[in-house]
Amino acid sequence: MFLLNVYYTAKPGKREEFLKALYDANIPQLCRGEEGNSQYDYFLSKESPDLVLLVEKWDDAKSQSKHCEMQHMKAIESIKTQYLDNVVIEKYQA
């Protein structure tokens, strides 16, 4: 199993707009449908109004690497540029 915790820090007051843009582009649904994906869920911080945690679970690192090459993942880059200040990724392998 290959797990990622992706911490998105939205620009002040832009967290909801960021999530709406992701869902409008169908990003979560497309990612959940990819081969090797078993979880792709967003969580909102109660303490920080600009923080979003994305938890991704993949069968292996190869599946996750293939995910990064998908067309819908290229689309997410413009969304990130528009709404985010920072992204931190933690990777774990079991």
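Any read-out appearing in this document is the output of simple, stated calculations on the displayed coordinates, not a laboratory observation. Model, not experiment: these values are computed from the prediction. Note that each Cβ is placed from the backbone with ideal geometry, even for glycine, and that neighbours are counted across all protein chains shown.
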Legend entry - Computed E for residue 14/residue 34 - FRET, C-beta separation, R0 22 angstrom, nearest 0.05: 0.25
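Strictly greater than 18 Å: what percent of every Cα pair in the stretch 1-69 meets that?
Roughly 40 percent, once rounded to a whole number.
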Inset, instruction - Kindly flag which residue pairs out of 14/46; 46/66; 20/62 have an alpha-carbon separation exceeding 27 Å in this structure. - result: 46/66; 20/62
Inset, instruction - Evaluate the relative contact order of the chain (contact order divided by residue number), counting alpha-carbon pairs under 8 angstrom at least 6 apart; express in whole percent. - result: 48 percent
Legend entry - Length released on extending from residue 93 to residue 70, taking residue separation times 0.36 nm less the Cα-Cα span: 6.1 nm
Legend entry - Net +/- balance of residues flanking residue 36 in space, Cβ distance below 14 Å, scoring K and R +1, D and E -1: -2
Legend entry - Under 18 Å from residue 57, Cα to Cα: aspartates and glutamates that are on another chain or at least 8 residues apart: 34, 35, 41, 69, 90
Legend entry - Calculated FRET efficiency for the pair residue 3/residue 85, C-beta based, R₀ 25 Å, to 0.05: 0.55
Inset, instruction - Could you work out how far apart the two model spin labels at residue 51 and residue 24 are, taking each label as a point 7 Å from the Cα in the direction of the beta carbon, and quote it in nm? - result: 2.7 nm
